[in-house]
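To keep things clear, I will list the structure first and then write my remarks on it.
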Amino acid sequence: MTEKDSPLHNAGINTRLSHLGNKPFDYHGFVNPPVVHASTVLFPNAKAMETRAQKYTYGTRGTPTTDALCEAIDALEGSAGTILVPSGLAAVTVPFLAFLSSGDHALIVDSVYGPTRHFCDTMLKRLGVEVDYYDPIIGAAMETLIKPNTRLVHTEAPGSNTFEMQDIPAIAAIAHKHGAVVTMDNTWATPVYFRPLDYGVDISIHAATKYPSGHSDILMGTVSANAKHWEQLHEANITLGICGAPDDAYQILRGLRTMGVRLERHYESALTVAKWLEGRDDVASVLHPALPSFPGHDLWKRDFKGASGIFSFVLAVDEPEKFKPKAHAFLDALNIFGLGWSWGGFESLAVHVYLGDRRIRKAPKEGPVIRLQIGLEDVADIKADIERGFAAAKAV
């Protein structure tokens, strides 16, 4: 029975998240699937071993635990297949290696996740792949950047740290017209708030480290492909020998059960804080796609069902030489917010954003960019903590 044929197909998102990938009566009625630790899998005879005539053949190619998570992700994404990899960055690099060869050209959005840019500027170039970066708001003008050897267009919406929105359907249509595969890092929205494959994307990428995990303790990435590109992605993953661990897959599957309600809280709290920041004199601008004042708001409203808990703001600073001192003073005064990379967990985090590697979307001149992950704490306490940061920055 396919997911479309199941009673869950038309159910609400929280109902689906509670039950997808969950088949209790395959495992004696236990609600959660077993954690199967495996490398070697035995065959009943030599012929079966020669022909791989059974569902499981080796630990790197899947177990009941990893399959349960992949089935859940496929149902959420509407994808033909999903692979699990050890990190969000690997979720980007594996499809790049799957679909790019020496002599190919790749177009990468300029607001891309920093480690993705590093991979493109080092590994891809060393392998003979030509890389160009494009403005995230390019839309249909993408046509002007396509070359005869363009084989991949990578998107990320909203963009890392500065949250520019992209016209994904327009970009995908142009890429497909020229035979290029379209990949998208959709970690910010998750498939709860945006399903890339419904908008023309071929490969949907997520750092499951973030909201699917939800507790800042698991590293994992998921890559989901449409039917046209699934076999090539799957084969590349097997060839590279990259796989997700069963314990981590179990924890991500467990995290999915509460991701919907957690996202609702992140969304509500972050938007409340963003609106509050927008009215402050010590804030030059707030970079949040769900704010009507944000340049990409109309695209967000057209395509997305919600927003997550991460956004940035520009601290209003008159003198450029004080950008870093004031940003550091703001961060050092925080008590509830932790200073740490990543996001998507239950706790609030803050970081001074580095934008020095941008080619097109340069850092704002009005002040330093502070990225906030709004966690599950009470909004009043979050605001009070941010007030401490502003007071410290003002004193510098």
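The values are calculated or read from the model by the stated rules, or taken from the named source; none is laboratory data. It should be emphasised that the depicted structure is a prediction, and the values quoted were computed from it without experimental measurement. No Cβ is skipped: glycine too gets one built from the backbone with ideal geometry, and neighbour counts run over all protein chains shown. Side chains included, ligands, DNA and RNA excluded: accessible areas come from the protein's heavy atoms. Shrake-Rupley method; radii C 1.70, N 1.55, O 1.52, S 1.80 Å.
Checked against (1) in a helix (DSSP H, G or I); (2) in contact with a strand residue (DSSP E or B) (Cβ under 6 Å, 6 or more places away or on another chain), L89 meets all criteria but (2).
Of the residues that sit in the stretch 301-316 and are in contact with a strand residue (DSSP E or B) (Cβ under 8 Å, 6 or more places away or on another chain) and not polar (S, T, N, Q), which one is surrounded by the fewest Cβ atoms within 10 Å (Cβ to Cβ)? Can you show your working first?
First, pick out the residues of the stretch 301-316 that are in contact with a strand residue (DSSP E or B) (Cβ under 8 Å, 6 or more places away or on another chain): 309-316.
Pick out the ones that are also not polar (S, T, N, Q) and you get 309-311, 313-316.
On the way: G309: 27, I310: 23, F311: 28, F313: 24, V314: 21, L315: 24, A316: 17.
Of everything passing the filter in the stretch 301-316, A316 is surrounded by the fewest Cβ atoms within 10 Å (Cβ to Cβ).
Within the stretch 340-377, the set of residues being aliphatic (A, V, I, L, M) and within 17 Å of F311 (Cβ to Cβ) comprises L349, A350, V351, V353, L355, A363, V369, I370, L372, I374, L376.
Residues in the stretch 35-49 that are in a loop (DSSP other than H, G, I, E, B) and open to solvent by 100 Å² or more (accessible area, probe 1.4 Å): H37, L42, P44.
Would you mention how many residues in the stretch 185-210 are part of a loop (DSSP other than H, G, I, E, B) and more than 18 Å from Q251 (Cβ to Cβ)?
Step one: list which residues in the stretch 185-210 are part of a loop (DSSP other than H, G, I, E, B), which gives 186-189, 194-195, 200-202, 208-210.
The next check asks that each one be more than 18 Å from Q251 (Cβ to Cβ); those that pass are 186, 188-189, 194-195, 200-202.
Summing the residues that are part of a loop (DSSP other than H, G, I, E, B) and more than 18 Å from Q251 (Cβ to Cβ) in the stretch 185-210 gives 8.
Quick one: in the stretch 211-242, which of the residues that are part of a helix (DSSP H, G or I) and of a type in the set (S, T, N, Q) is least open to solvent (accessible area, probe 1.4 Å)? Ranking the qualifying residues of the stretch 211-242, first place goes to N237.
Among the conditions (1) closer than 17 Å to A98 by Cα; (2) touching a Pro at 6+ places or on another chain (Cβ under 9 Å); (3) surrounded by fewer than 22 Cβ atoms within 10 Å (Cβ to Cβ), A245 misses just one, which is (1).
Remark: pairs (first residue in the stretch 58-78, over 21 Å from F25 (Cα atoms) and touching a residue at least 40 places away in the same chain (Cβ under 8 Å); second residue buried (at least 19 other Cβ atoms within 10 Å of the Cβ) and of a type in the set (D, E, K, R); Cβ separation under 8 Å; 6+ apart in sequence or on different chains) = L76/R16; L76/R195; E77/R195; G78/R195.
Every residue, every condition in (1) part of a loop (DSSP other than H, G, I, E, B); (2) open to solvent by 70 Å² or more (accessible area, probe 1.4 Å), yes or no:
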{"position": "F346", "(1), (2)": "yes, yes"}
{"position": "V351", "(1), (2)": "no, no"}
{"position": "R361", "(1), (2)": "yes, no"}
{"position": "I370", "(1), (2)": "no, no"}
{"position": "I386", "(1), (2)": "no, no"}
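Among A395, A333, which is over 19 Å from the mean Cα position of the chain (by Cα) and surrounded by fewer than 18 Cβ atoms within 10 Å (Cβ to Cβ)? Going through A395, A333 in turn, just one is over 19 Å from the mean Cα position of the chain (by Cα) and surrounded by fewer than 18 Cβ atoms within 10 Å (Cβ to Cβ): A395.
Would you confirm whether any residue within the stretch 302-311 is part of a helix (DSSP H, G or I) and under 20 Å from the mean Cα position of the chain (by Cα)? Quick ask: steps written out before the conclusion?
Let us first name the residues in the stretch 302-311 that are part of a helix (DSSP H, G or I), namely 302-303.
Subset that is under 20 Å from the mean Cα position of the chain (by Cα): 302-303.
So far as the stretch 302-311 goes, yes, one or more of its residues are part of a helix (DSSP H, G or I) and under 20 Å from the mean Cα position of the chain (by Cα).
In the set M142, M165, which member is in contact (Cβ under 8 Å) with a residue 12 or more places away in the chain, part of a loop (DSSP other than H, G, I, E, B) and open to solvent by less than 10 Å² (accessible area, probe 1.4 Å)? Steps first, answer last, please.
Values: M142 fails: part of a loop (DSSP other than H, G, I, E, B).
Selected residue: M165, the only one of M142, M165 that is in contact (Cβ under 8 Å) with a residue 12 or more places away in the chain, part of a loop (DSSP other than H, G, I, E, B) and open to solvent by less than 10 Å² (accessible area, probe 1.4 Å).
Taking the criterion of being in contact with a His (Cβ under 9 Å, 6 or more places away or on another chain) and open to solvent by 10 Å² or more (accessible area, probe 1.4 Å), the only residue of the stretch 259-274 that qualifies is L271.
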